[in-house]
1. Please report, in debye to the nearest 20, how large the charge dipole of region 140-213 is about its Cα centre when each Lys and Arg carries +1 at its beta carbon and each Asp and Glu carries -1 there.
2. For VAL71, what charge total do you get from the other residues with a beta carbon under 13 Å from its beta carbon, if Lys and Arg give +1 and Asp and Glu give -1?
3. How far apart, in nm, are two points set 7 Å out from the Cα along the Cα-to-Cβ line at ASP266 and at ALA153?
4. Going highest first, how would you order 253-265, 170-182 by mean Cβ packing within 10 Å?
5. Carbon and sulfur: what percent of region 205-282's accessible surface (1.4 Å probe)?
6. Over region 142-188, with the other protein chains present, what is the accessible area per residue in square angstrom, probe 1.4 angstrom?
7. Net charge near LEU267: determine it from the other residues with C-beta under 14 Å of the C-beta of LEU267, scoring Lys and Arg +1 and Asp and Glu -1.
8. Could you tell me the center-to-center distance, by alpha carbons, between region 54-119 and region 149-184 in angstrom?
Amino acid sequence: MEHLVSRRTHRLLAVVTAAALVVAAAGFVLLRDHERDLPADHADAVAILLPPTHAKFDYQLGGAYAPPAGVQVVTRDRTAAPAAGLYNICYVNAFQVQPGEEGQWAADLLLRDAKGNVVIDEDWDEALLDLRTADKRNRIAAKVNGWIDGCAAKGYQAIEPDNYDSYTRSKQLLTASQAKEFATLLAVHAHSKGLAIGQKNASDLAGGRKTVGLDFAVAEECGQYGECGDYVGAFGNNVIVIEYTDQGRKTACARYGGTLTIVQRDLNVSPAGDAEYVRKTC
């Protein structure tokens, strides 16, 4: 884990301060250590920029494309370049493995059941990562933090580590505490790089966000399942809502359309121009 922040702080603060002057008009939030309630091991975190609240947003995981007019915030996969002039969130699959990439991980870092079979998230055909020991969490974090470094180098402002709730699909092999301990490793590292970090789903863990060090929330279908209030209770208006149905969007917009960032996308988050492409807002 990297803690050589003190030598970088003055240089990075100067850069971030200048950036804050540019983005202030767009409503971005500048957070410094004394303004956040973070764990003790986050005390060396440099200043970071949070996404603007109640912003126009686009979710582009299915492929990058020119953002629609007026969009202020974009999420893209870590392999893509950020969108020029916008607030960019870098998506990383942190708790599970992209289909076909199992061979890129040490075999013992894939979660296995009592028969030795890899535990799979069947909805997305993704192997779960084994967070059960501190050694494994540290080894997994070393790889994911390398991806976070790449996001920082490309110019992203924030990280969205997906599948925080993988423990709920682990056949009771993983626990919420292990998920939070692993997320803390990512949060410390992201902050050391000057990046904000979001909580992706897992509404039942939102209450622990300060201990973990999470700055904002990305909530899929919280309107559809009546969970938006859980995120608002923990993160205030720093919540990005992604719905995949008209009903979910309408429900979220009816209650939070004036305060939260809300968008409806098609389930495969297809690029603009694709036959399945859907993007609607409040």
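1. On the way: 9 positive and 6 negative charges, 7 e Å.
Taking the Cα centre of region 140-213 as origin, the dipole is about 40 debye.
2. +3
3. It works out to 3.4 nm between the two label points.
4. Top of the packing list down: 253-265, 170-182.
5. Details: 1470 of 3290 Å².
Heavy-atom surface of region 205-282 belonging to carbon and sulfur, 1.4 Å probe: 45 percent.
6. On the way: 1700 Å² over 47 residues.
It amounts to 36 Å² per residue over region 142-188.
7. Details: positive: ARG249, ARG265, ARG279, LYS280; negative: ASP123, GLU220, GLU221, GLU243, ASP246, ASP266, ASP274, GLU276.
Net local charge, LEU267 excluded: -4.
8. For region 54-119 versus region 149-184, the Cα centre distance is 11 Å.
The values are calculated or read from the model by the stated rules, or taken from the named source; none is laboratory data. Please read all numbers here as calculations on a predicted model, not as lab measurements. A quick note on method: Cβ atoms are made from the backbone with ideal geometry, for glycine too, and the neighbour counts reach across all protein chains shown. Only protein heavy atoms, including side chains, enter the accessible area calculation; ligands, DNA and RNA are left aside. Shrake-Rupley method; radii C 1.70, N 1.55, O 1.52, S 1.80 Å.
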